[in-house]
Every structure is written in structure tokens, then in C-alpha cells.
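Report on one structure; see the data block that follows.
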Amino acid sequence: MAGDKTKRAWNTFESFLAAWPSMARDIQRWDPDDEDRHADINCTMVDGSRRDFQLREWLEAEQMRASLNREKAEKEILGCLLGHFADPPPPLWSAKLEPVSGIRRPGASSLASIVKEFGNLLEAVSVEWPRRLEWNGPQGYLCRDLNKWPTLHEYFREVHFNRCQPDPHWLIFGPVGESHNHRQALRALLDAVLEKIRHYAPPTETPLDLIVHYSRAGIRNTPFYGAEIQGFEDVAKWLAEELPGLLRSLNPVPFQRVFLLDERRPDPVAFAVYPALERCS
């Protein structure tokens, strides 16, 4: 685990320096440090001084676990179903499984039941299809009543059958079908900053900065986009406005500066959000 943490710290700080080349030029040497209780990155500056950085990923842990569970469930269920049903029975071309919220990995007996019940559902739909001309339209057939198949009903909200050409497989999982509240993502960001500040107070002798970085949350957490938040710069502005009032009651603040880093893209972007808003360049 220490090795994984060191690698993640290395990659994140490389992204940070790529977003802030002028800072990179001021650093003579830097290293991740698993043993340092206060810093993830130790830097020796060109002028001989030292500056350390603490890292914190902007990630909502509960959503992260749910996303990973869904990913594992999807892999196991699809792998098993495609192993038993490599091709759809005529006249079907494709089917999309819409999972329930919070789907979990099935045990061996549940997986066997899913296979059996899905086979029965396929047979029922393929027999009925020729009598249902409306199913041959672009909307296909949306099977929402899964009560006859209790295990399928436990794991899926509905199954969408269609004559559309499948790609790459005839059987797929649908996307997460839950509405999002971007305020939940912003709350997770504030919690990440405040958790670090409370944990690392009081200040250390060596100047210490905090980098909150955004990467895996882009695919595993609620999106941050909303009416007033159209991009990452808007997030930085919002955080810079929120922090001063919150931090007044937490003095002394252990970090001289707080940065927000978007490391998802080929060209990372970073902003200083405390004590003042500034784009790093």
C-alpha cells in the first residue's frame, strides 16, 4: 500500500508542477515521503529553503465504494451471462440491463439464479416478439415488470430489448440512472479541506501547503457541474469565496496556501484558493 500511495503522490505532484511551471523552476529537488507525518511531498527549493506539501484527493468515499461495487457487479454478471448467452436469440439484436441503485456483487447462488431467470426472460420475449409489431420500432421493448423473475428484479430495474445493432456486445449494462446534486460534490470538496486543516493544526516550522486534487471523482462521484458551476475555474472561485469565513474559527491554519488541482486532462490546471484566488501558471 505504501508503494501505491507513493506512486499516486508522485503522479499528482508531477501534474501540479506541469500546471505551475514557474513553481517547478523554483524547486531543486522533491520526493514523496511515506514516513513524514505532516507532508506527502518534501521539496528543497533552489534558494536552499524547504517547503512541504500535503495531498488530499477530492473524493466522496461512500460514492467511491458504490461505484466500485457496481463495476465489480457489472463485470461478474455480464461475464457470466455472455458466457451462457454468447448471441441473442432471434429476433433480438441487443439488450440493456438497467441496474438498481446500490447494486452489489451477487453470490454464487444469486448469479446462478440470474442466469436461469435471464434465460427464461429471453425465451419469453423472443416468443412474444413476432406478435408485437410495436416492439420492432426504434423504441424496442422496455421490460419493467420483472416480478416473475425475482432475482432479476432484485438486481435490475428494467431490461431494454431492441433490434438496434449492438456494439461491442449484444448485452450491456445501462449507465447509472440516478439524478445528481452538484452541491453534494462541492460539500465533499469542503469536507476534504476542513478534514486536513483540523488534522494538521497547529502549523509546522517548515512551510506547508495543501493540494486538493481531482481525478478519480470525475468518473466515480457526483459531477460538480450546476447552474452556477460551469467548469473547474468556477469551482476554484466558489472554494476561494467559501474558505475565509470557515477558516476564521479554525485559526491557526496549518497551511500557508491551499491549491485546487484538476489532474484529469492532458494539460493539468491548478488554482491557489487560499489565502487568495490565483491561477497557477
query: For the subset of segment 124-147 comprising residues that are among the aliphatic types (A, V, I, L, M) and under 20 Å from GLU98 (Cβ atoms), which member is surrounded by the most Cβ atoms within 10 Å (Cβ to Cβ)?
result: VAL125
Those residues of segment 25-54 which are modelled with pLDDT of 95 or more and either under 22 Å from the mean Cα position of the chain (by Cα) or assigned to a helix (DSSP H, G or I) (or both), in sequence order: ARG25, ASP26
message: Looking only at residues that are outside any helix (DSSP H, G or I) and modelled with pLDDT of 90 or more in segment 57-86, which one is surrounded by the most Cβ atoms within 10 Å (Cβ to Cβ)?
response: PHE85
statement: Looking across segment 100-114 at residues that are of a type in the set (A, V, I, L, M, F, W, C) and surrounded by fewer than 16 Cβ atoms within 10 Å (Cβ to Cβ), the single one that is farthest from PRO168 (Cα to Cα) is ALA108
task: Quick one: which residue in LEU68, LEU81, LEU97 is farther than 30 Å from PRO130 by Cα and among the hydrophobic types (A, V, I, L, M, F, W, C)?
output: LEU68
- request: Only residues that are in contact with a strand residue (DSSP E or B) (Cβ under 7 Å, 6 or more places away or on another chain) and either of a type in the set (Lys, Arg) or surrounded by fewer than 15 Cβ atoms within 10 Å (Cβ to Cβ) (or both): list them for segment 87-99, please.
  value: LYS96
Residue satisfying all of: in segment 134-151; hydrophobic (A, V, I, L, M, F, W, C) and either touching a strand residue (DSSP E or B) at 6+ places or on another chain (Cβ under 6 Å) or not assigned by TED's automatic domain parsing to the domain that holds ILE114 (or both); farthest from ILE114 (Cα to Cα) among these: TRP135
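The values are calculated or read from the model by the stated rules, or taken from the named source; none is laboratory data. Keep in mind the model is a prediction, meaning the values are calculated, not measured. No Cβ is skipped: glycine too gets one built from the backbone with ideal geometry, and neighbour counts run over all protein chains shown.
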